[in-house]
Amino acid sequence: MARLANKVVFITGTGGGQGRVASLLFAKEGAHIIGCDIREAEAAQTAAMVQEAGGKMYSSVVDLTDLASATQWIEDGLSQAGRIDVLYNNAGNPKTAFMGEQSEDVWSYTIRGELDIIFNTVRPAWGHFVAQGGGAIINTASVSGHRGNGATGLTAHAAAKGGVIALTKQIAAEGAPLKIRANSISPGGIITPALDVLSADQLAQIHRMHPIGRAGRPEDVVYCALYLASDEAAWVTGSDFIVDGGVSSIISG
């Protein structure tokens with residue numbers, strides 16, 4: 001049997017990258033996908049790809065930084081599919097700046113785009129999880145929530161992702177008696193279309209910094225999410241899974 005047979009999975013940020021890969025893989029494993037993205041054309045393309053592959057996906061354009069919009073997405077998805085078994089908070093939209101150059105706009109924009117959006121989907125979904133007797137929440141954090149990196153201006157990003165990890169543990173504590181599981185995934189450097197602007201030398205450097213010999217691919221993260229979404233992870237909650245090719249824990253020679 002498919003690993004997500006008869007499950008309804010809500011995924012944010014389905015217009016490309018990990019969200020698109022997750023939509024395709026989860027649908028292949030039997031899930032009915034409820035997706036969203038702020039990019040209308042890209043989100044529609046993902047839905048078309050899922051449907052062409054024989055899967056089921058409903059997609060809409062949503063500004064997740066707005067609680068009312070995120071709530072409407074949850075309610076519309078429930079109208080389409082009838083329930084919510086998994087909420088996969090994949091989306092994120094940061095800005096970068098070093099602390100000495102950090103503006104209030106960069107800070108608040110990143111906190112809204114990476115931390116507030118978790119609250120904005122979990123809060124309206126929570127009552128539905130409770131009513132149906134449980135469910136699973138998967139939040140996307142980052143290795144930046146575990147360690148600093150002086151070479152990058154990730155001040156706000158690190159704060160937001162550290163917040164995601166802490167929030168996930170609190171959600172897990174509150175949800176455990178209600179059979180609501182919550183876990184986070186902390187990816188390292190993942191090669192996505194957003195990195196197409198880099199030169200060949202820059203990309204090669206990103207690959208070399210990983211002890212395992214290459215940077216990550218969206219699939220590396222999504223297969224971890226697939227496990228957490230499935231019943232195989234029924235006894236797993238309150239955990240953060242670092243998926244980074246060893247870069248945060250192994251000194252590369």
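The values are calculated or read from the model by the stated rules, or taken from the named source; none is laboratory data. Keep in mind the model is a prediction, meaning the values are calculated, not measured. No Cβ is skipped: glycine too gets one built from the backbone with ideal geometry, and neighbour counts run over all protein chains shown.
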Which condition from (1) within 21 Å of Thr168 (Cα to Cα); (2) at pLDDT 90 or above is the one that Ser248 breaks? (2)
It is to be established whether one or more residues within the stretch 34-46 are buried (at least 24 other Cβ atoms within 10 Å of the Cβ), small (Gly, Ala, Ser) and out of contact with any Pro (no Cβ under 9 Å at 6 or more places or on another chain). yes
Answer yes or no as to whether Gly35 is modelled with pLDDT under 95 and under 20 Å from Ile185 (Cα atoms). no
Restrict the check to the stretch 222-245 and report whether at least one residue is over 16 Å from the mean Cα position of the chain (by Cα), surrounded by fewer than 19 Cβ atoms within 10 Å (Cβ to Cβ) and within 22 Å of Gly92 (Cα to Cα). no
Failed criterion for Ile250 (all others in (1) aliphatic (A, V, I, L, M); (2) touching a residue at least 24 places away in the same chain (Cβ under 8 Å); (3) closer than 26 Å to Arg123 by Cα hold): (3)
Across the stretch 239-253, what is the total count of residues that are within 22 Å of Arg3 (Cβ to Cβ) and part of a loop (DSSP other than H, G, I, E, B)? 1
Could you list all residues from the stretch 212-231 that are modelled with pLDDT under 95, among the small types (Gly, Ala, Ser) and either on the phi < 0 side of the Ramachandran plot or not in a loop (DSSP other than H, G, I, E, B) (or both)? Ala215, Gly216
Go over the candidates Ile111, Ile84, Ile138, Ile117 one by one and state the one that is closer than 22 Å to Val62 by Cα, crowded, with 17+ Cβ neighbours inside 10 Å and touching a His at 6+ places or on another chain (Cβ under 8 Å). Ile84
So the helices (runs of 4 or more DSSP H) completely within the stretch 102-207 holding 3 or more residues that are in contact (Cβ under 8 Å) with a residue 60 or more places away in the chain and within 16 Å of Val236 (Cα to Cα) are 155-175
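This table checks each residue for (1) modelled with pLDDT under 90; (2) within 21 Å of Pro94 (Cα to Cα); (3) surrounded by 15 or more Cβ atoms within 10 Å (Cβ to Cβ).
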{"site": "Thr152", "(1), (2), (3)": "yes, yes, no"}
{"site": "Lys161", "(1), (2), (3)": "no, yes, yes"}
{"site": "Ile165", "(1), (2), (3)": "no, yes, yes"}
{"site": "Pro187", "(1), (2), (3)": "no, yes, yes"}
{"site": "Leu203", "(1), (2), (3)": "yes, yes, no"}
{"site": "Met209", "(1), (2), (3)": "yes, no, no"}
Name, by its number, the condition in (1) free of Cβ contacts under 8 Å to residues at least 40 places away in the same chain; (2) touching a Phe, Trp or Tyr at 6+ places or on another chain (Cβ under 6 Å); (3) not charged (D, E, K, R) that does not hold for Ile11. (1)
